[in-house]
Amino acid sequence: MPKPSAPGAVRPDLEQVFRASYPRVVAVAAKVLGCQNEAEDVAQEVFLAFGRSSVPAGAAAGWLSVAAAHTALNHIRAGRRRADREEAAGVDGLVAPDVADTVVASEDRRRVRVALARLPRRQAVALVLRHSGLSYAEVAAALDLSPGSVGTTIRRAETALREELES
């Protein structure tokens, strides 16, 4: 990640970029995480990193979207590792009574998130960005892909996701 020239310097365009991009950054993270509060935490991390970077303002939207997807995927991986450690230690989570359909839907969303976190990073990010409402051109710009390869990357990601879910 590029760094600004002066240590501790605050980007003069940070507020403007934040106001323009915050909703999209939260939306991308929420698509991955399925939780608004966690998505807002991810957005905070992403904007802190952006504030320390020297990413050109013109490239900010794409950079922020990719950073949101990467950071959200990292949160999933960290959560999975934490859950594995807690399970190994015998820590039981509290299970609140709920309707069976809600439990099944929550489990399905969790399985998709875990499978998404197992995909190659570029495929996972392309899939998340596209399903977050970015156009093929925006996904291409954000991931530095040719516009013609975005569709192929997304189809491969969808196939890989299906295979992860079936395994």
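The values are calculated or read from the model by the stated rules, or taken from the named source; none is laboratory data. Computed from a predicted model, the values in this text were never measured in an experiment. In this analysis, Cβ positions are derived from the backbone assuming ideal geometry, glycine residues included, and neighbour counts consider all displayed protein chains. Calculation scope for accessible area: heavy atoms of the full protein, side chains included, ligands and nucleic acids excluded. Shrake-Rupley method; radii C 1.70, N 1.55, O 1.52, S 1.80 Å.
Give the range 19-33 a look and list any residue that's touching a helix residue (DSSP H, G or I) at 6+ places or on another chain (Cβ under 7 Å) and open to solvent by 30 Å² or more (accessible area, probe 1.4 Å), or say none. Those that are touching a helix residue (DSSP H, G or I) at 6+ places or on another chain (Cβ under 7 Å) and open to solvent by 30 Å² or more (accessible area, probe 1.4 Å): Tyr22, Arg24, Lys31.
Is one or more of the residues making up the range 42-63 basic (Lys, Arg), part of a helix (DSSP H, G or I) and modelled with pLDDT of 90 or more? Checking the range 42-63: not a single residue is basic (Lys, Arg), part of a helix (DSSP H, G or I) and modelled with pLDDT of 90 or more. Conditions first: (1) modelled with pLDDT of 90 or more; (2) open to solvent by 80 Å² or more (accessible area, probe 1.4 Å); (3) of a type in the set (A, V, I, L, M). Ala39 passes all but one, so which condition is the exception? Result: Ala39 fails condition (2) only.
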